[in-house]
Structure formats: structure tokens, C-alpha cells
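Read through the structure below, which is laid out as C-alpha cells, and then see the notes.
The values are calculated or read from the model by the stated rules, or taken from the named source; none is laboratory data. If you're wondering where the values come from, they're calculated on a predicted model, not measured in any experiment. Heads up, the Cβs are rebuilt from the backbone with ideal geometry, glycines too, and the neighbour counts pull from every protein chain shown. All accessible areas refer to the heavy atoms of the entire protein, side chains included, with ligands and DNA or RNA removed. Shrake-Rupley method; radii C 1.70, N 1.55, O 1.52, S 1.80 Å.
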Amino acid sequence: EKAYSEVMAEARSKKILDTNAAMVSRVKRITNNLITKTPAIRSDAVSWPWEVHVLTVDEENAWCMPHGKMAIYSGLINNRKLTDAEIAQVMAHEISHALREHSREQASRQQTTGIFAGILGAVGQAYGITAANEIASLGADVGFNLPFSRTHETEADLLGMELAARAGYNPDAASSLWDKMLSSGNAGTPQFLSSHPSPENRKATLQANAVKVRDLYNASAKK
């Protein structure tokens, strides 16, 4: 909460906090719809101090801190011309990270792999291997940290699509969102060295799983 307050205070001082009333209203409406459905995934989330703001910057980003402290950047909405359903997919993905406490898991994982890397480095140095510490660090990243992060991202993608469907947002928006991301033509970092799955694989996984949440979306749309 302290970190979030500091970020928002800095944004306010730079006059980039909630500058577009219509966009802020739109984002709050969408996130409120998502928040009302979080108890289906995590019962205590209904009592979290949820909060969302829009930062007026050209960067394309969004995030949700533990216990529901959220932000989305205007650049993502404007540059990609996101629909309400696509904004819902973005925010539901970020909310899912918080619901599953991925930040806590990742911190614990990094502490463990730091010990692992230190052991590898010490063994390498004992046997005279050049740059043993650097190799050990890379080995820990490739073998542990990065794949674990990709697991988090895939879980947040699928859980986010479910949450959005429960809130009445078409799950097909998950793949259309990635169509827009891929339209930039940026190939990005190879998947095996990235904390995020490749956009192509991400889209394919979402498309394959959309059918699993379609009944939730249809039931919500009828209400």
C-alpha cells in the first residue's frame, strides 16, 4: 500500500494521474465488474482494498499489486485501440497474478535459486572453471526462474480469461488482444529466455481454452 501510494503521488505531481475522466470511468467500470467476480476464485478477495488508476503515459503496460492495487497506462488503451472486452482481459490477467499471490511465490523462488546458483558457482570455482558464477546464474535463470515465471503468466492468462468470462466479457477478446499485440511486428525475446510465453504461443493457448469458459460467458451475458 505504501509503494502504491508513492507511485500515485508521483504520478499526481507529474500531472499524469487520471487525466482523462472518460477513460478513467471506463476502466473503473470494467475493473469493478471483474472485482465482483473474484470471490468465485478466491473468497477473501471481496474484502481487499481494491483501487485502480489510469496513468497518462505512452508506455503499454498494466499491473496489479498484492491486494488489488492496480494501474493501466493510457498508451496501451490508445495505441492498441482496445475494446472493453480487451481491457477486461488485460486487467483480469493482472488481477489473477494477485489472486494467486505470484509475487510472493516468485520472491520465495528467487531466494531459493540464489542459493542454488551460489552452490554451482562455488563448485565451478573449486574446479577452476572460468566465469563459474556467471554460468551458474544463467543456469539458475534458464532452469528455474524464467520457466517458473512463464508458468505464472500462462496461469494468469487462463484464470484471467475465466474471470473476464464470469464478468460478461467475451473470451474471444483474449486472442484478439494478442492479434493487436502481434501487429507491432516485434518478434521479441525468444520464449526460452523470456519470463513471458511467446505471443504466438500465448494466443494459441488462449484460443484453445476459450471453449472451456464460454458457458460462463453465456450465462453471465443472459443476466
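Consider the stretch 25-47. How many of its residues are out of contact with any Pro (no Cβ under 7 Å at 6 or more places or on another chain), open to solvent by 20 Å² or more (accessible area, probe 1.4 Å) and not polar (S, T, N, Q)?
10
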**Q.** the stretch 1-40, residues that are in contact with a helix residue (DSSP H, G or I) (Cβ under 7 Å, 6 or more places away or on another chain), without any contact (Cβ under 8 Å) to a residue 60 or more places away in the chain and assigned to a helix (DSSP H, G or I)
**A.** 23, 39
Q: Sort out which residues of the stretch 52-77 are open to solvent by 60 Å² or more (accessible area, probe 1.4 Å) and in contact with an Asp or Glu (Cβ under 8 Å, 6 or more places away or on another chain), and write them in order of number.
A: 66, 67
Q | Near pairs, Cβ below 8 angstrom, 6+ apart or cross-chain, from the stretch 81-102 (at pLDDT 95 or above) to any residue that is among the polar types (S, T, N, Q) and part of a loop (DSSP other than H, G, I, E, B) | A | 85/170
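Under the condition of being among the aliphatic types (A, V, I, L, M) and open to solvent by 10 Å² or more (accessible area, probe 1.4 Å), which residue from the stretch 83-97 is farthest from the chain's Cα centre (by Cα)?
85
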